[in-house]
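One structure below.
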Amino acid sequence: MKKNPKEAKNRLTTSHGAPVPDDLDSLSAGPGGPLLLGDVHLLEKLAHFDRERIPERVVHAKGAGAWGWFEVTHDVSRYTRAAFLSEVGKKTEVFARFSTVGGEKGSADSERDPRGFAVKFYTEEGNYDFVGNNTPVFFIRDPLKFPDFIHTQKRNPATNLKDPDMFWDFLSLTPESIHQVLILFSDRGTPRGYRNMNGYSGHAFMWYNDKGERFWVKIHFKTDQGIANLTREEAERLAGEDPDHATRDLYESIAAGRHPSWTAYIQVLTPKEAEALPFDPFDLTKVWPHAVAPLRPFGRLVLDRNPSNYFAEVEQSAFSPGNLVPGMAPSPDKMLQGRLFSYPDTHRHRLGPNYHLIPVNAPRAARERNYQRDGAIRVDENGGGGPNYWPNSMGGPAPDEGVAPPGIPVSGLAARHRPKGGEEDFLQARALYEKVMSDTDRAHLEGNLAAHLSGAKKEIRERQLALLEKVDPGLAKNVAGLMG
Ligand code: NDP
């Protein structure tokens, strides 16, 4: 096509490509106005600006992200047939997003909160999303409780203020939360930055090899920068002085060529070993002790490229624990099962039904081929003139039975089963407090708990202290003492 001689390089245009004569003075009837509707550039500019905000994520709203790669360092092909893990030395492009959970998009990075740790692997068999946290466990083990739990961490419906009564009322009535409460109120609840924390899958997933043998696997990304946390006082100061400190730390470190990295490990249990555990292996309030399932290294994650546009790449990135590739499948973990629905559902609400076409979310080493069509913002060729149904006799994309995961035997009564809870829910919290934490860790935990819990009313404080007492009487005594 002949180039338009009038098309000047770098000329400002409307969003439809027409040249704009003036971007400083609106079209007006006389120098004092009023303005004229004929100024379509002004109308378009205002209308687009009015729509710049998309719905904020209901959780994990404040985040930072970066591009990088994952390299296999140890052979795990006996556990999974995933092509991107098939040989030592194999590299896969990734995009990672880190976040706080409860705060709004403008909230401080240093708030006490779990941190999201999400990584999208652009594999040749489609995108695999690791959607973890910086804590290996969670507050609850049934997704039916999730909206309630999050409401209590957000704002009071009347005052629009964060509310220690709501926060502790729910947690003190939810004993299975105690393990995560201890981790959250240790200094790990205020990491020094996203580079200085680990990422845990929390859930077990099913991995299976090319012989159809299956394993339960948990993934850990351990920071090569070393764990580093803020004290309560440092976190409070930073919330005022530099509320974006973790976002800044990630961006500036990558820009300066200091590329953060993590060593990836798996914990593996055979189905038989999992059955022998003295607790439910799929209960998200529990870890698998290292003595039972040792960490086995398998890879390295490196982030080496900052996003060039925050909204396009970080804000629009969308992860789902259901984005798995052949060789990986969900486990029966009830929280995971709930997330399989909730994550894509929130993306459809936030970004639209075709969110998977947004470049950061689209496969980069594979191609999407299916019979889904149309919908808002369908910006690819939409299947062109090819068939839009299956089965068809036109050579359209066909399912591949060879990628089906092995079945998981399931039996039991369809009913609302309540886990047994009780003493079992306190054992791992007790091990953490009594055996893993140093004296300094314990002192900071107690101070952090006392500072927050003291904001709740007496009956709630007492109920939470009773849970701390079940972990360790000294813990409850010290926290009560600090609260006076
Ligand atoms: P181990 O002694 O083998 O492991 C303890 C692990 O706890 C460490 O490897 C470290 O894992 C983590 N850790 C160390 N200091 C702290 C801290 N101050 N706060 C939180 N975590 C810390 O024992 P077990 O595997 O039997 O686990 C004992 C307890 O340790 C668990 O009940 C749990 O509370 C905690 N834990 C266990 C993890 C696991 O997957 N087994 C993972 C994290 C914590 P890391 O380097 O991954 O942080």
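The values are calculated or read from the model by the stated rules, or taken from the named source; none is laboratory data. This is a predicted model, so every value here is computed, not measured. Here the Cβ is made from the backbone with ideal geometry for all residues, glycine too, and neighbour counts use every protein chain on show. Side chains included, ligands, DNA and RNA excluded: accessible areas come from the protein's heavy atoms. Shrake-Rupley method; radii C 1.70, N 1.55, O 1.52, S 1.80 Å.
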As I understand it, the value is the acute angle between the Cα axis of helix 458-471 and the longest principal axis of the Cα atoms of the chain; what does it come to in degrees, rounded to 10?
70 degrees
About its Cα centre, how strong a charge dipole does the range 32-99 have in debye, to the nearest 20, once Lys and Arg get +1 and Asp and Glu get -1 at the Cβ?
320 debye
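Answer rounded, prolate or oblate for the range 59-197, using the Cα gyration tensor with square roots of eigenvalues a ≥ b ≥ c: rounded when a/c is under 1.5, else prolate when a/b is larger than b/c, else oblate.
Numbers: a/c = 2.51, a/b = 2.01, b/c = 1.25.
It comes out prolate by the Cα gyration axes.
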Pop out the carbon and sulfur fraction of the accessible area of the chain as a percent, whole number, probe 1.4 Å.
55 percent
Whole-angstrom gap from the range 306-379 to the range 1-79, using each part's C-alpha centre
23 Å
Once all Cα-Cα distances of the chain are split into 10 Å bins that start at 0, what whole-number percent is in each one?
4, 17, 26, 25, 16, 8, 4, 1, 0
Which whole number in µm²/s is D for the range 324-477 by Stokes-Einstein, with the Kirkwood Rh taken over Cα pairs at 25 °C and 0.890 mPa s?
113 µm²/s
Can you list residues whose amide H is under 5 Å from Asn323's amide H, if they're 5+ apart or on another chain and H is modeled 1.01 Å from N?
Asp129
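If you roll a 1.4 Å probe over the heavy atoms of the protein chains, what accessible area per residue do you get for the chain, in Å²?
On a per-residue basis, the chain sits at 51 Å².
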Per-q log10 I(q)/I(0), the range 1-98, q = 0.13, 0.21 Å⁻¹ (Debye; single scatterer per alpha-carbon; no solvent)
-0.79, -1.08
Cα centroid separation, the range 130-168 to the range 447-484 (Å)
19 Å
Using only the Cα atoms of the range 250-365, build the gyration tensor, take square roots of its eigenvalues as a ≥ b ≥ c, and label the shape rounded, prolate or oblate: rounded if a/c is under 1.5, else prolate if a/b is larger than b/c, else oblate.
oblate
If each DSSP helix of 4+ residues adds -39,500 (n - 2.57) and the sum is divided by the residues in the chain, what number results at 222 nm, nearest 500 deg cm²/dmol?
-8000 deg cm²/dmol
